[in-house]
Amino acid sequence: MKLDSKIPGGPLEEKWTRYKGSVNLVSPANKRKLDVIVVGTGLAGASAAASLAELGYNVKAFCFQDSPRRAHSIAAQGGINAAKNYQNDGDSVYRLFYDTIKGGDYRSREANVYRLAEVSANIIDQCVAQGVPFARDYGGLLDNRSFGGTQVSRTFYAKGQTGQQLLLGAYSALSRQIAKGTVKMYARHEMLDVVVIDGKARGIIARNLVTGEIERHGAHAVLLATGGYGNVYYLSTNAMGSNGSAAWKAHKKGALFANPCFTQIHPTCIPQSGEYQSKLTLMSESLRNDGRIWVPKDRKDAELLRQGKLKPTDIPEERRDYYLERRYPAFGNLVPRDVASRAAKERCDEGYGVNPTGKAVYLDFESAIMRYGQIEANLQGIKNPSPEKIRQLGEKIIEAKYGNLFQMYEKITDINPYKSPMMIYPAVHYTMGGIWVDYELMTTIPGLFALGEANFSDHGANRLGASALMQGLADGYFIIPYTIGNYLSGEIRSGKVDTSAPEFETAEKDARDRIAHLLGNNGKTSVDTFHRELGKIMWDKCGMSRNAQGLQEAIREIQALREEFWKDVKVPGRADMYNPELDKAGRVADFLELGELMCLDALHRNESCGGHFREEYQTEDGEALRNDAEYAYVAAWEYTGKPSEAVLHKEQLVFENVELKTRSYK
């Protein structure tokens, strides 16, 4: 199989313009003859469904939640990047492009990333027009803040709930089309399979999660906007319902899966507190703007903190190690996520962790509170304010910027972060890998497209903060409306898709047989037990760091666990009813295959880059050691029946506009 990325010719800054000027079009009258299925209604899916319906296509949208408003996009709290240079601090489209390429450790396509940076400014205008309440500065202009991996302020935000506000904007656009009848919404439906006829995606098999009914839905194109697969680790910042099943089903039908080992560990999560915890909570990266990360300089102090005999406020400045500021003076606390995560792990592994488990560092806002308080006192003309007054004023400023995040932290931990530092530790957050797509966002199955986190295309080996929202909305609002027309222009004469075709029959039978197997298994072990065990294997051996021996062990252990799952899993209830344990079992079955492919991909990539850190390949000071001569490519895997026997296809990455060099944030 030859991978054709379909990147247009010409200079980098002209590729997207040239593409739009020469792409095949579908006339308004012909759009009404074409059906499109969108699976997933987060930012990428909702924006795509609304935009395509607005153009005139007949759209069916599916989500497993009870409403599109519950998509996990709401959890992206910190902000959305755009190259508007409102701060006049030197930002530009090229700068955003370069930061994204560099942040991804030079493992993403130049053309896709530049297009993302190019359309980013349009996203902000679109969202403001929809009424998204972005924060504004004292003059009424949209405000910006900084995020990791950059030296400019380009992140637009709505307090600590940016994802939620953006999703409400996309949902309002989607709701308008639902009311017009151009979008038919199927909530509480889960895609069980993609239907391929004559080599083209022609629809899906879906299950009504309330009634259990199995349904066939035909279309001329299918868009997967189903998010990432981080829950393969069991404990992650993802919603518990988030899963990789739609992408995995597409993979098993012929869509190549790209770079599955590129998973992102987020440095600012609330640490795990117990063995039976079911998920982790993300504290937004925006907090690293003002929070300083530290551990004690002395292991004895760390031990006393773990025992509860010292409080963090008992440790004076001179006994604190602000290790990110020490190691990376140019970026300090705003180094990219992979760098910050590995640094926290290293400190905790060396015995400097500060919570009872030894797996936590401090995120401290004391300096910011006092700095902002002094500035506010100056603005108010208060002469010689007391420290108490400065603190009071500073806390109000911090509350205005991050209040809901501080409130959430206190509710979960019962610690007031205004008075005592937050405790944080890295956790699985985002997956840069996903379904392989070309420049048009089409997979290796004609007519099957993948958007947002479901595809691999823009973030390389590590995603910069505030870029997930940017990519999801760019794909849905500004890219797929152009690129899908190039494919659908050849489908005008196809007529309605016949859902009685043998391919639909076979796909439905396969789905029913799988459900019957799970329900009739008569095992003794719960689904969660298998999921938790898989997560432990993945975190220990394919998590923040990996090595060849551990990955080989993980593959064998996952294979054995998968065999045991199909023999001994216990799924109660019936198929013709609301049965969340059945839904969960199907998703975990897919994770048990996907996890093995992730380990295989990590094993084959003999280098460290971004979120993929192989212990055998690191510099003397513990930084990632890339091998550009042998591994500057996208690893796209073809399913052949078993994950361990997947066939590797390589898309070589060509860098004509940036120089490949070792990342440095020092």
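The values are calculated or read from the model by the stated rules, or taken from the named source; none is laboratory data. A quick note: this is a predicted structure, and the numbers were derived from the prediction, not measured. Here the Cβ is made from the backbone with ideal geometry for all residues, glycine too, and neighbour counts use every protein chain on show. Only protein heavy atoms, including side chains, enter the accessible area calculation; ligands, DNA and RNA are left aside. Shrake-Rupley method; radii C 1.70, N 1.55, O 1.52, S 1.80 Å.
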### Query
Somewhere in region 336-354, is a residue in contact (Cβ under 8 Å) with a residue 60 or more places away in the chain and aromatic (Phe, Trp, Tyr)?
no
## Note on the structure
Here the residues within region 523-534 that are of a type in the set (Gly, Ala, Ser) and farther than 13 Å from ALA589 by Cα are GLY523
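How many of the residues making up region 495-547 are touching a Gly at 6+ places or on another chain (Cβ under 8 Å) and either acidic (Asp, Glu) or closer than 30 Å to GLU616 by Cα (or both)?
The total comes to 7.
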## Note on the structure
If you go through LEU518, LEU473, LEU441, the only one that is crowded, with 19+ Cβ neighbours inside 10 Å and within 29 Å of THR268 (Cβ to Cβ) is LEU473
### Message
Considering only region 505-521, I want to know if a residue exists there that is out of contact with any Asp or Glu (no Cβ under 7 Å at 6 or more places or on another chain) and in a loop (DSSP other than H, G, I, E, B).
### Response
yes
### Message
Condition (residue is on the phi > 0 side of the Ramachandran plot and either crowded, with 24+ Cβ neighbours inside 10 Å or in a strand (DSSP E or B) (or both)) applied to region 224-231: is it met by at least one residue?
### Response
yes
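Of ARG319, ARG306, ARG326, ARG337, which residue is of a type in the set (Lys, Arg), under 18 Å from GLY148 (Cα atoms) and more than 27 Å from the chain's Cα centre (by Cα)?
Selected residue: ARG326, the only one of ARG319, ARG306, ARG326, ARG337 that is of a type in the set (Lys, Arg), under 18 Å from GLY148 (Cα atoms) and more than 27 Å from the chain's Cα centre (by Cα).
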### Query
THR211 fails exactly one of the following numbered conditions: (1) of a type outside the set (Phe, Trp, Tyr); (2) open to solvent by 10 Å² or more (accessible area, probe 1.4 Å); (3) farther than 23 Å from ILE484 by Cα; (4) under 26 Å from the mean Cα position of the chain (by Cα). What is the number of that condition?
(4)
### Qualifying positions in region 45-70 - closer than 22 Å to GLU215 by Cα and not in a helix (DSSP H, G or I)
TYR57, ASN58, VAL59, LYS60, ALA61, PHE62, CYS63, PHE64, GLN65, ASP66, SER67
#### Entry: Count - residues of region 433-473 that are outside any loop (DSSP other than H, G, I, E, B) and over 19 Å from ILE124 (Cα atoms)
9
### Query
Among the candidates ARG546, ARG463, ARG562, which residue alone is under 24 Å from GLY45 (Cα atoms), charged (D, E, K, R) and crowded, with 17+ Cβ neighbours inside 10 Å?
ARG463
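Out of the helices (runs of 4 or more DSSP H) lying entirely within region 307-422, which hold 2 or more residues that are basic (Lys, Arg) and either on the phi > 0 side of the Ramachandran plot or open to solvent by less than 70 Å² (accessible area, probe 1.4 Å) (or both)?
Working: elements: 323-327, 337-347, 366-379, 387-413.
Once the helices (runs of 4 or more DSSP H) in region 307-422 are filtered for at least 2 residues that are basic (Lys, Arg) and either on the phi > 0 side of the Ramachandran plot or open to solvent by less than 70 Å² (accessible area, probe 1.4 Å) (or both), what remains is 337-347, 387-413.
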### Task
Identify the residue in region 214-223 that is among the hydrophobic types (A, V, I, L, M, F, W, C) and part of a strand (DSSP E or B) and, among all such residues, is most open to solvent (accessible area, probe 1.4 Å).
ILE214
### Message
Tell me the residue from GLY495, GLY476, GLY485 that is outside any loop (DSSP other than H, G, I, E, B) and farther than 18 Å from LEU167 by Cα, please.
### Response
GLY485
### Task
Scan region 45-82 for residues that are among the aromatic types (Phe, Trp, Tyr) and open to solvent by less than 10 Å² (accessible area, probe 1.4 Å) and jot them down.
TYR57, PHE62
### Contacts under 9 angstrom Cβ, first residue in region 632-645 being free of Cβ contacts under 8 Å to residues at least 24 places away in the same chain, partner of a type outside the set (Gly, Ala, Ser) and part of a strand (DSSP E or B), 6 or more apart
TYR633/LYS650; TYR633/GLU651; TYR633/GLN652; THR640/VAL647
### Query
So which residues in region 112-155 are hydrophobic (A, V, I, L, M, F, W, C) and either assigned to a loop (DSSP other than H, G, I, E, B) or closer than 24 Å to ALA330 by Cβ (or both), if there are any at all?
VAL113, ALA117, VAL132, PHE134, ALA135, LEU141, PHE147, VAL152
### Message
Looking at TYR430, TYR402, TYR418 in this structure, which one is among the hydroxyl-bearing types (Ser, Thr, Tyr) and modelled with pLDDT under 95?
### Response
TYR402
### Summary
For GLU275, the lone unmet condition from (1) touching a His at 6+ places or on another chain (Cβ under 9 Å); (2) modelled with pLDDT under 95 is (1)
### Set LYS536, LYS570, LYS584, LYS541: member being surrounded by 14 or more Cβ atoms within 10 Å (Cβ to Cβ), in contact with a strand residue (DSSP E or B) (Cβ under 7 Å, 6 or more places away or on another chain) and at pLDDT 95 or above
LYS570
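Can you work out which of the residues in region 245-272 that are part of a loop (DSSP other than H, G, I, E, B) and open to solvent by 10 Å² or more (accessible area, probe 1.4 Å) is modelled with the lowest pLDDT?
Here is the first cut: in region 245-272, the residues part of a loop (DSSP other than H, G, I, E, B) are 253-256, 259-262, 270-272.
From what is left, the residues that are open to solvent by 10 Å² or more (accessible area, probe 1.4 Å) are 253-254, 270-272.
Working: LYS253: 98, GLY254: 97, ILE270: 96, PRO271: 96, GLN272: 92.
By that ranking, first place goes to GLN272.
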### Hits in region 291-306 - residues which are touching a residue at least 60 places away in the same chain (Cβ under 8 Å) and open to solvent by 10 Å² or more (accessible area, probe 1.4 Å)
ARG292
### Query
Any idea which of (1) under 19 Å from GLY78 (Cα atoms); (2) of a type in the set (Phe, Trp, Tyr); (3) in contact with a Pro (Cβ under 7 Å, 6 or more places away or on another chain) is the one PHE147 doesn't satisfy?
(3)
